[in-house]
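For reference, the structure is listed below as structure tokens.
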Amino acid sequence: MAIVIEMKNLPFAIVCSPFCICSTILNIFFIFCLCKPAVGASLRQPMHVLLAAVLGNSTVQQLLTMISVVLSFFSLPDWLLVVNVAIILQAYCSSFSINAWISIFYYMKIVPQHWKVFLWIKKNIKGAVFAGFLFDQTLLMSALSIGAASYLTPSPGAALNVTMFEGKTVVNRALYKLSTRMVLVYLICPACTLLVSWGRTFFYLRRHIKRMEQTTGSCSHPQQKNHMRVTVMGIVQTALFLPTSLYAMIMTLLFTTLYETLDSNKHITITIMSMLNLANVSCLGFSQSVFRLRVITLMKRLKKAFGSVDQN
């Protein structure tokens, strides 16, 4: 008898809910920071759109995760559960891709470019990022739509060879295979982009700071510190995303042999995505000045308010 590894409904609700609540609160605060930036904080395009997209995806993902927690205690139509999981995957994977475009933006901004292709991209960074972002989001949406359709659209002879998902049957294997290939391409490209861009940016900044220390005896330039902070947080985000992307790739490749016994209800996957989404949003808070300065301003106001209360 096969050993089934899955998270039951109650543990799913207990573990996942705190991450959803904390992440949603951070998202609301950071969206406020984008709409009303603190004094001295400014964002240029395409960063404003990319950060707004990250926060929007994070908010949608966490709200749908909370809905998934509630739905797990009810008997609902198969198609509703399939679509709900697909949209959560869309929101999380989309944030993964957006972080890759943020890494490309900073790589082009910080590291000197010599190849003609990179020089052209640097000169037209807004158009390149927007076009690439629209393309990969279209690819992801198409892949997940096809994947959802594989549960809902029958194909000839499908009843002879089916795979179960909590009672939801993959009835069109041709669509499913196409979906998995598209998802694999989508996951591999951002993972490689994050590794290469943040890695090269980090080593360039480290060499540059060492040269500054040797020539001037100091590396206290605010811009250099900000670039290093952004780069370190980018590396942390990459370290967070790589395990989940590898997990998603393994689940995709081994679907036919493991799907019935490993996380068939997707509670484990959704919980992992919720945890890492909170970590990703927290990294943005440390790395982006538009968020960090607002937090500093808020802390100063709170300190001043509590100080005046103590004096009274």
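Starting from residues that are of a type in the set (S, T, N, Q) and part of a helix (DSSP H, G or I), keep the ones in the stretch 87-137 and report whichever is farthest from Phe203 (Cα to Cα). Among those that are of a type in the set (S, T, N, Q) and part of a helix (DSSP H, G or I), it is Gln90. A Cβ distance below 6 Å, combined with a sequence gap of six or more or placement on separate chains, defines the contacts here; from the stretch 79-107, residues that are over 17 Å from Ile188 (Cα atoms) and among the hydroxyl-bearing types (Ser, Thr, Tyr) reach residues that are assigned to a helix (DSSP H, G or I) and modelled with pLDDT of 85 or more in the pairs Tyr107/Ser197; Tyr107/Thr201. Residue by residue through the stretch 1-45, note down the ones that are aliphatic (A, V, I, L, M), outside any helix (DSSP H, G or I) and at pLDDT 80 or above. Scanning the stretch 1-45 gives a single hit, Met7. Between Leu80, Leu76, Leu34, Leu71, the distinction of being surrounded by 15 or more Cβ atoms within 10 Å (Cβ to Cβ) and either under 22 Å from Lys266 (Cβ atoms) or among the polar types (S, T, N, Q) (or both) belongs to Leu71 only.
The set of residues in the stretch 175-186 being modelled with pLDDT of 80 or more and over 14 Å from Ala148 (Cβ atoms) consists of Arg181, Leu184, Val185, Tyr186. Does Val117 satisfy the condition of being touching a residue at least 60 places away in the same chain (Cβ under 8 Å), of a type in the set (Val, Ile, Thr) and farther than 25 Å from Ser282 by Cα? No: the conditions fail for Val117.
The values are calculated or read from the model by the stated rules, or taken from the named source; none is laboratory data. This is a predicted model, so every value here is computed, not measured. So basically every Cβ, Gly included, is an ideal-geometry build from the backbone, and we count neighbours across all protein chains shown.
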